[in-house]
Amino acid sequence: MLKRYKPTTPGQRGKTVVDYSVLTASEPEKSLTKGFKRRKGRATSGRITTRHKGGGNKRLYRFVDFKQDKFDIEAKVLSLEYDPNRSAFIALVCYADGEKRYIIAEKNMKVGDKIITSENAPLKEGNRLPLSKIPVGFFVYNVELQPNKGGQIVRSAGSSAQVMAQEGGYTHLLMPSKEIRKVQSNCLASIGVVSNQEHSLVNYGKAGRSRWLGRRPAVRGSAMNPVDHPHGGGEGRQGVGLKYPKTPWGKHALGKKTRKKNKYSDKLILRRRNSNKK
């Protein structure tokens, strides 16, 4: 549930916050954290390559175990925690051999739950097993694209992929984008849906809250001068006056396909996303 505030100030009016009452720890596990310097939109040369990034609060990096490769060893959930580096919540788990790790939390995960990575794991939320062992219709997250490489897709808040079919050593997955793609059936995936489902519904309420997250102001091209943007200039408000919207550097801004032609993974995609849109 989202938490709403009374409109006592302009910044509070319409402001919503994720209900963090489900979290059980305010401080991270020290042995699994590290301080780091964020790039803030800059390449190794120091030049800005992504605009509108900079500032924001300091962050500790949490080492999240995307592989979960301790097979047939049961783990117990010790706490559910906030991670400033991702939209999902994370869970601190302790394995039977005493090792602690962070994992991406499933939406129904609670302190005291037991999870396991195994080829014969029960079909329970949070458990991790090969895609070939997961029946059609189940929802999965933190999915590997190559065996033993660790989960690379379906990791953001509230996301999940659905198992659609098992065929010829591949599992067909319906992705959050509605794309259907094949993944090798011996890749691992966790059963369930990623936590913090209301993340996309949050209303920041004021500009300052975006600055805390390291997001700088974005100025519309139509509000600039012609020397600064192809959309700029003119008296008063008006359209861009071009065949298609452009970036500040004159490239296509909307509707331009960016995927490389003949990409190696094209053969694994059975249905492209947005395939029904005109």
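Only the coordinates and a few stated rules stand behind these numbers; no lab work does. Keep in mind that what you see is a predicted model, and the values were worked out from it rather than measured. FYI the Cβ positions are ideal-geometry reconstructions off the backbone, even for glycines, and counts take in every protein chain you see.
Quick notes on this structure:
- Here TYR264 meets the list (1) loosely packed, with under 10 Cβ neighbours inside 10 Å; (2) hydroxyl-bearing (Ser, Thr, Tyr); (3) touching a residue at least 12 places away in the same chain (Cβ under 8 Å) almost entirely, failing just condition (3).
- Residue count for segment 2-36, restricted to those that are assigned to a loop (DSSP other than H, G, I, E, B) and either of a type in the set (Val, Ile, Thr) or at positive phi (or both): 4
- Matching option when the condition is loosely packed, with under 13 Cβ neighbours inside 10 Å, over 20 Å from ASN203 (Cα atoms) and out of contact with any Ser or Thr (no Cβ under 6 Å at 6 or more places or on another chain), among GLU27, GLU81: GLU27
- Qualifying positions in segment 212-252 - loosely packed, with under 11 Cβ neighbours inside 10 Å and among the acidic types (Asp, Glu): GLU235
Yes/no per residue for (1) out of contact with any Gly (no Cβ under 6 Å at 6 or more places or on another chain); (2) charged (D, E, K, R); (3) within 16 Å of ILE90 (Cα to Cα):
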| position | (1), (2), (3) |
| --- | --- |
| PHE139 | yes, no, no |
| LEU145 | yes, no, no |
| ARG155 | yes, yes, yes |
| LEU174 | yes, no, no |
| SER177 | yes, no, no |
| LYS182 | yes, yes, no |
| ASN186 | yes, no, no |
| ALA189 | yes, no, no |
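Residue-wise test of (1) closer than 19 Å to VAL18 by Cβ; (2) assigned to a strand (DSSP E or B); (3) among the aliphatic types (A, V, I, L, M); (4) within 18 Å of the chain's Cα centre (by Cα).
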| site | (1), (2), (3), (4) |
| --- | --- |
| GLY158 | yes, no, no, yes |
| MET164 | no, yes, yes, no |
| THR171 | no, yes, no, no |
| SER200 | yes, no, no, yes |
| ARG209 | yes, no, no, no |
| PRO217 | no, no, no, no |
| SER222 | no, no, no, no |
